[in-house]
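Encoded as structure tokens, the structure appears first; notes follow it.
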Amino acid sequence: MRRFRYLILLLVVLLSLVSGARNVILFIGDGMGPNQVSIANYVYYKNTGENLIFFDFPFLSFVDTNNASNQVTDSAAAATSFAIGLRTNNGIVGLDQREKVQENVSEKAKSLGKSVGIVTDTSITDATPAAFVAHTNSRRNSDVISAAFLDLQPDVFMGMGLSSFTLSGRSQKGWDNRDLIKELQDLSYQVVYDRSSMEQSTSPKLAGFFNNISYAFTQRGPFRTQPNLKEMTKKSLEILSQNENGFFLMVEAAVIDGSGHNNDVVGTIYDVWALEEAVKEALLFREKHPETLIIVTADHETGGMTLDPNTFPLLLERLSEVTRITPQIESMLGSSPTLQWARYVFEDSGIEVKEADLQTIVKATSGRAALVGKAITKYVGGAKYSTTGHSSQRVQLFAVGKGADRIPKELKNYEFGKLLAQFVTEE
């Protein structure tokens, strides 16, 4: 099996030497620093005898992640540096540091007649997808960001965050009385809300609004109604490949970041693996479309995550028993959980937590998610965290395809953004 994997990668590399990068697929592991990759890869290797497939890509670089003030970035500034090729200040989406509109890579692709796809496992109006679509001085301006999707009209976009697009949601928040769902339908989009409808769609324009996508990589079997990152990527490629001019697709694995903020090692590993499955879909696509460039990187690192050698054996033993991650456990706990209920929820999730820690979680009036995440890591083992915020660590960039050899071994995030625009706009 391992030999087969290497043969596929070798074939991809050889094909890239005689093909142009008509299609560009950018995978962003939000918050995915080198340690998130290495820990997830090591556990994956122990389970399968293989590395994560992007771990074996032929080109590797390291990307500096600072914002325009040369400080620790947030996702808005980081993704904007990728999207417009310029650094900006934290919180800003699609504008330079003077808050002037700059054309993003999606708009450049559209101007050349290429198709565009935006996929995420968090809200579609969150900072990372927003940077490739909108221009606003605050990542929290979901009213502006959601409306920007109708201005850009990506051929396909999927994630969570339905309320920003509905008449009731917008009017209740005092934004306006627009019904963006109806406007999307008037623009010939098929709007879908579950995995089955997404997979069955034959529309060339698709908007997907889903719930609790993070459940998709812990739930198994036929009862899962929501798509996972792999399935959304596969459907996006099916739609985008209909354009003979090529396409640009951005796929974000955002649960890595959320898990970092919550110090949840299980959520981190699961979403890196979810990203891995999505990348496999891209490689399968590239076998038939060798003119495709695939890049896997991150916007920044979250959590200051490091391996804990003392508890790592526990992680290898216990990980398969864990059936829920932080947001699912927190949702089950509710706003005022009893000690008995909290004990049941953790045990039913495959995690044994001592009473003192359960008491702390039950009594918390705020910040419960971080307490839940830390409890998961404490009793599952394998990692340590130095912060619940972002760090200044460089991130890795893995690439395969025509032009990948032009990516320097070290570069800044805005330099990668400029290079990304070149890849997308080159004939």
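The values are calculated or read from the model by the stated rules, or taken from the named source; none is laboratory data. Bear in mind the structure is a predicted one, so any value in this text is a computation, not a measurement. We place every Cβ from the backbone using ideal geometry, glycine too, and count neighbours over all the protein chains shown.
Counting the residues of segment 309-354 that are surrounded by fewer than 14 Cβ atoms within 10 Å (Cβ to Cβ) and basic (K, R) gives 1.
Among the residues of segment 93-115, count how many are among the small types (G, A, S) and in a helix (DSSP H, G or I).
Here is the first cut: in segment 93-115, the residues among the small types (G, A, S) are 94, 106, 109, 111, 113, 115.
Now narrow it down to the ones that are in a helix (DSSP H, G or I): 106, 109, 111.
Adding up the residues that qualify gives 3.
No other residue among T387, T365 is of a type in the set (V, I, T) and without any contact (Cβ under 8 Å) to a residue 12 or more places away in the chain apart from T365. Of all residues in segment 182-199, those satisfying the criterion of being touching a residue at least 24 places away in the same chain (Cβ under 8 Å) and among the aliphatic types (A, V, I, L, M) are L184, L187, M198.
Remark: pairs (first residue in segment 333-353, of a type outside the set (V, I, T); second residue assigned to a loop (DSSP other than H, G, I, E, B) and surrounded by fewer than 20 Cβ atoms within 10 Å (Cβ to Cβ); Cβ separation under 8 Å; 6+ apart in sequence or on different chains) = W341/G334; F346/E352; D348/T323; S349/T323; G350/T323.
Given the criteria at pLDDT 95 or above and aliphatic (A, V, I, L, M), does V93 qualify? Here the answer is yes, as V93 does meet what is asked. Scanning segment 175-190 finds one or more residues that are out of contact with any Pro (no Cβ under 7 Å at 6 or more places or on another chain) and basic (K, R).
Report yes if some residue within segment 273-292 is hydroxyl-bearing (S, T, Y), over 15 Å from the mean Cα position of the chain (by Cα) and within 30 Å of D405 (Cβ to Cβ); otherwise report no. Break it down into steps so the answer makes sense when it comes.
Here is the first cut: in segment 273-292, the residues hydroxyl-bearing (S, T, Y) are 292.
Imposing the further condition that a residue be over 15 Å from the mean Cα position of the chain (by Cα) reduces the set to 292.
Within this subset, residues satisfying the condition of being within 30 Å of D405 (Cβ to Cβ) are 292.
Within segment 273-292, one or more residues are hydroxyl-bearing (S, T, Y), over 15 Å from the mean Cα position of the chain (by Cα) and within 30 Å of D405 (Cβ to Cβ).
Mind checking whether some residue in segment 263-271 is assigned to a loop (DSSP other than H, G, I, E, B), modelled with pLDDT of 95 or more and in contact with a Phe, Trp or Tyr (Cβ under 6 Å, 6 or more places away or on another chain)? The answer is yes; a qualifying residue exists.
Have a look at S75, S111, S81 and point out the one that is farther than 19 Å from I407 by Cβ and crowded, with 23+ Cβ neighbours inside 10 Å. Outline the logic, then answer.
On the way: S111 fails: crowded, with 23+ Cβ neighbours inside 10 Å; S81 fails: farther than 19 Å from I407 by Cβ.
Exactly one residue qualifies, and that residue is S75.
Would segment 355-378 turn up any residue that is aliphatic (A, V, I, L, M) and surrounded by fewer than 18 Cβ atoms within 10 Å (Cβ to Cβ)?
Looking only at segment 355-378, we keep the residues that are aliphatic (A, V, I, L, M), and these are 356, 358, 361-362, 364, 369-372, 375-376.
Remaining after also requiring surrounded by fewer than 18 Cβ atoms within 10 Å (Cβ to Cβ): 356, 364.
Yes, because at least one residue in segment 355-378 is aliphatic (A, V, I, L, M) and surrounded by fewer than 18 Cβ atoms within 10 Å (Cβ to Cβ).
On the given criteria, is E99 of a type in the set (D, E), out of contact with any Gly (no Cβ under 6 Å at 6 or more places or on another chain), over 19 Å from F27 (Cα atoms) and at pLDDT 95 or above? Considered against the rule, which asks whether it is of a type in the set (D, E), out of contact with any Gly (no Cβ under 6 Å at 6 or more places or on another chain), over 19 Å from F27 (Cα atoms) and at pLDDT 95 or above, E99 comes out as yes. Meeting the requirement of 1 or more residues that are at pLDDT 95 or above and more than 21 Å from F27 (Cβ to Cβ), the strands (runs of 3 or more DSSP E) wholly within segment 116-218 are 190-192, 206-209. Applying the condition of being crowded, with 21+ Cβ neighbours inside 10 Å and among the β-branched types (V, I, T) to segment 379-406 and asking which residue is farthest from T311 (Cα to Cα) yields V400. Residues of segment 106-146 that are touching a helix residue (DSSP H, G or I) at 6+ places or on another chain (Cβ under 7 Å) and hydrophobic (A, V, I, L, M, F, W, C): A109, L112, V116, I118, V119, A127, A130, A131, F132, V133, A134, I145. There is at least one residue in segment 373-387 that is outside the structural domain of V72 (by TED's automatic domain parsing), modelled with pLDDT of 95 or more, over 19 Å from F312 (Cα atoms) and in a loop (DSSP other than H, G, I, E, B).
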